[in-house]
Amino acid sequence: MQPPVRGKRRTTAVIAAVVAALLVVGGGTWYALGGPGERTDDKASPSGSPAPVTSSAQPSGPPAPDAAAAARYNTGRAPGDASVLWVRKNDIDVPGLGGDVFGPWVVGDTVVTAMYRTVTAHSVTDGTVKWRLKLDTEICRASQIASSDGKIALALKDRLHAETDECRRLQMVDLATGKAGWQQKIVEQSKWDMSHEYSIAISGGTVTAGRHGFSTGYRLSDGKQIFGRWEGSACQPYAYAGGPALVAAVSCPTSDADKPQEEIHGVDPATGTSRWKYRLPVGYRVDHVLSVRPLVVSAHNRAEDKHGVVVLNEDGTKRSSLQGTDDYAEGCTEDVVHQGNLQRCKVVADDTTLYMATAGAGKGKSNAVVAFDLTTGKEVRRIQGPVDHMAWPLRMEGRSLVVRMAALLDGPGTLATVAPGTSKPVELLRIPSAAGRAESRFFDCPAVYVDGRYILVQSTVTGSDDADEMKRETLMAFGK
């Protein structure tokens, strides 16, 4: 996610015209912290439930979930409606006009988010604060994905309220324990190592701090730097995507800024060396990594305002390029050159299929989730969303796709599953009507579905003043 800002974050941008033929022979057109931090826990009563928050000016722990709001949203539930399990309001004072929320990360029975100087774990069951870690400076960047054992890395400002370009502290946080681990200075390797638009990604036991020309990798266990700039190579990584594999976007020097030459590399996370490379057509830059395994990469030709999507095999050879004729709303709202995160797009993939949402939803309209065969690049089916809703692929549940159908207006949204080979959504959860307006305020925000619970997470907290900021609902959980 992008760094906390004084103003509001931009919302969803629709992917512009894409010419897949430039990536494939034939094909259609696309339109497309100085210290470890301070940890606090929710106080619990002898019965194990959270202790009541007193009226003291300085309560002993984080406030409880908003029970009154949950009760209000559950009023008049129709048969078959889901329950609003819990609701949380913002309780972190952010300077200026607000800040962005990093995460969510689901670890064990908690959903974890980070904002400004605070990392917080909420119980997925009842929304209570399981732990809260206070950092001494603001968060600039965060890894999109946690490691398999629940660790993330944050890029922090050098000092409190520093300018946004003063951000060279890498902090590990263990989400399983709520404790801050090692902290490492991202050392400038030369006078030209000036970029602070870090690409923080985790794969295996490595965390990267990708940036133009001087990317570095650190051991996740202790923060020791294990690799840096590629010696003897004119081409250098500037951004990484992590998870089950480590993939680098690599820039090569050219004499014409409007005709860049970029490559995609599979990287050994233990050493930072390239295992294979795939060279993009001249003029294209890596835009987003839609999936790491299988590897699906979106590329953008800015000079011609064209996009293409290429699918690669495990060894970097080309598998296919996607062919389509729709406008696609991938949820890719930022240019990776400026924001550093290759993995923001709202897409879902399994071994054979990639699912992407089309644009076009609006008042009286609907959109669809399109399924592409990764071997042929062709559209194989589309799942139509309801009118006045925006349908997004959320995750795979076995071989079935879970689809989020978020309300654009005040009407309630739904969560549905789509069985393999079919196009008809089967309702999984239906939001109560009384919660429709509240749910619509989470439109285009992150969502998770875990253990039968559907949790919406606000991506930005803003307010006209501090009091208004504290009224903002930041998490809502639904279930049977």
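The values are calculated or read from the model by the stated rules, or taken from the named source; none is laboratory data. Here the structure is a predicted model, which is why all the values come from computation and not from measurement. Using ideal geometry, Cβ is built from the backbone for each residue, glycine included, and neighbour counts are taken over all protein chains shown. In case anyone asks, the SASA skips ligands and DNA or RNA and just uses the protein heavy atoms, side chains included. Shrake-Rupley method; radii C 1.70, N 1.55, O 1.52, S 1.80 Å.
Only one residue in His300, His307, His265, His288 is over 20 Å from Leu170 (Cβ atoms) and touching a helix residue (DSSP H, G or I) at 6+ places or on another chain (Cβ under 7 Å). Which one?
Just a single option satisfies the conditions, and that option is His288.
Please state which one of Gln144, Gln171 is of a type outside the set (Lys, Arg), crowded, with 18+ Cβ neighbours inside 10 Å and in contact with a Leu (Cβ under 6 Å, 6 or more places away or on another chain).
Gln171
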Conditions (1) open to solvent by less than 10 Å² (accessible area, probe 1.4 Å); (2) in contact with an Asp or Glu (Cβ under 7 Å, 6 or more places away or on another chain); (3) at pLDDT below 95; (4) not basic (Lys, Arg); number of the one not met by Ala155: (2)
Search result, residues across the range 191-206 that are of a type outside the set (A, V, I, L, M, F, W, C) and either part of a strand (DSSP E or B) or open to solvent by 40 Å² or more (accessible area, probe 1.4 Å) (or both): Lys191, Glu197, Ser199, Ser203, Gly204, Gly205, Thr206
Selection status of Arg229, open to solvent by 20 Å² or more (accessible area, probe 1.4 Å) and of a type in the set (Lys, Arg): yes
Selected residue (criterion: most open to solvent (accessible area, probe 1.4 Å)) from residues of the range 99-132 that are over 19 Å from the mean Cα position of the chain (by Cα) and of a type in the set (Val, Ile, Thr): Thr125
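Could you grab me the full set of residues in the range 436-465 that are part of a loop (DSSP other than H, G, I, E, B), open to solvent by 50 Å² or more (accessible area, probe 1.4 Å) and touching a strand residue (DSSP E or B) at 6+ places or on another chain (Cβ under 9 Å)?
Result: Arg441, Phe443, Asp451.
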Lone unmet requirement of (1) open to solvent by less than 30 Å² (accessible area, probe 1.4 Å); (2) closer than 25 Å to Pro412 by Cα for Leu135: (2)
Every residue from the range 413-435 that is touching a helix residue (DSSP H, G or I) at 6+ places or on another chain (Cβ under 9 Å) and either open to solvent by less than 10 Å² (accessible area, probe 1.4 Å) or in a strand (DSSP E or B) (or both): Gly413, Ile431, Pro432, Ala435
Considering residues of the range 257-279 that are in contact with a Gly (Cβ under 9 Å, 6 or more places away or on another chain) and closer than 15 Å to Ala303 by Cα only, the residue surrounded by the most Cβ atoms within 10 Å (Cβ to Cβ): Pro260
Residue list for the range 412-445, restricted to those being in contact with a Pro (Cβ under 8 Å, 6 or more places away or on another chain) and within 16 Å of Arg72 (Cα to Cα): Pro412, Ile431, Pro432, Ser433, Ala435, Gly436, Glu439
Matching residues, the range 207-252, being of a type in the set (Phe, Trp, Tyr) and assigned to a loop (DSSP other than H, G, I, E, B): Phe214, Trp230
Hits in the range 249-289 (condition: small (Gly, Ala, Ser) and more than 15 Å from Val311 (Cα to Cα)): Ser251, Ser255, Ala257, Ala270, Gly272, Ser274, Gly283
Residues of the range 82-98 satisfying the condition of being touching a Pro at 6+ places or on another chain (Cβ under 6 Å) and modelled with pLDDT under 95: Asp91
Output for the range 274-298, where each listed residue is under 20 Å from the mean Cα position of the chain (by Cα) and under 10 Å from Glu263 (Cα atoms): Val286
Qualifying residues in the range 385-395 (those that are of a type outside the set (Lys, Arg) and modelled with pLDDT of 95 or more) - the one least open to solvent (accessible area, probe 1.4 Å): Pro393
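Let me confirm something: among Thr325, Thr254, which residue is of a type outside the set (Gly, Ala, Ser), touching a Phe, Trp or Tyr at 6+ places or on another chain (Cβ under 8 Å) and open to solvent by 20 Å² or more (accessible area, probe 1.4 Å)?
When all the criteria are applied, what remains is Thr325.
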When residues of the range 72-81 are limited to those that are under 11 Å from Ala435 (Cβ atoms) and open to solvent by 60 Å² or more (accessible area, probe 1.4 Å), the one modelled with the highest pLDDT: Arg72
